[in-house]
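Laboratory data are not the source of any read-out in this text; all were calculated from the coordinates shown. All values derive from a computational prediction rather than experimental measurement. With ideal geometry, Cβ positions are generated from the backbone for all residues, glycine too; neighbour counts draw on all protein chains shown.
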Amino acid sequence: MKRALRQRIAAVLLWVGAASLGSALAQKLPGNPGRELFEAICTECHTTERVAAQHKTRAEWRLKVTEMLQEESDVTEAERATIINYLAASFPKADRINVNKASANELETNLQLIRKEADAIVRYRQEKGAFQTLEDLKKVPGIDASKIDANKERLDFQ
């Protein structure tokens, strides 16, 4: 009960920007949804630098969060899911991905695409042939080109 109260107070302090330490931490973390909850719960034990140095798949983050919070009954399943989503979006595993061989599921997970975009890439590739360049990939109808640009260093076309 005490931990839950401390977490809620920390979240409020971070949210309103009253704690200068919280503000300094917030500047170092990506601003994706769930950041405040992550800070309130996870930074009691871990530095942001330690977490930011890790890059995992969504499944790996799920295992890590489950392991770290297994004894924390005051952290709800919804809060755990929010933390997992934040970590997966903010610190994804940075493996290279071959857009000409990857499944829709792999494209969705590794490039943070929605399923519709990943399916469109696979369908376009099947209909038109292999992608040769980044510009070819951005021609796929319905693709958010900014997502492709954000991942361009990780894309392989061979």
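Its alpha carbons give segment 97-156 an Rg and a Dmax of 9.8, 25 Å.
The lysines whose alpha-carbon is closer than 30 Å to the alpha-carbon of LYS128, local same-chain residues fewer than 8 away aside, are LYS93, LYS101, LYS116, LYS138, LYS139, LYS147, LYS152. Can you list which of the GluC sites (Glu not before Pro) found in segment 45-126 are DSSP loop residues with at most 10 other C-beta atoms within 10 Å? Here the sparse-neighbourhood loop sites are GLU71. Rg and Dmax, both from the Cα atoms of segment 58-158 and both in Å, are 16.1, 52. Shown here for segment 44-125: chymotrypsin sites (Phe, Trp or Tyr not before Pro) in loop regions (DSSP other than H, G, I, E, B) with at most 14 other Cβ atoms within 10 Å, of which there are none.
In plain terms, the residue of PHE38, PHE157, PHE91, PHE131 with the fewest other Cβ atoms within 10 Å comes first and the most crowded comes last, giving PHE157, PHE91, PHE131, PHE38.
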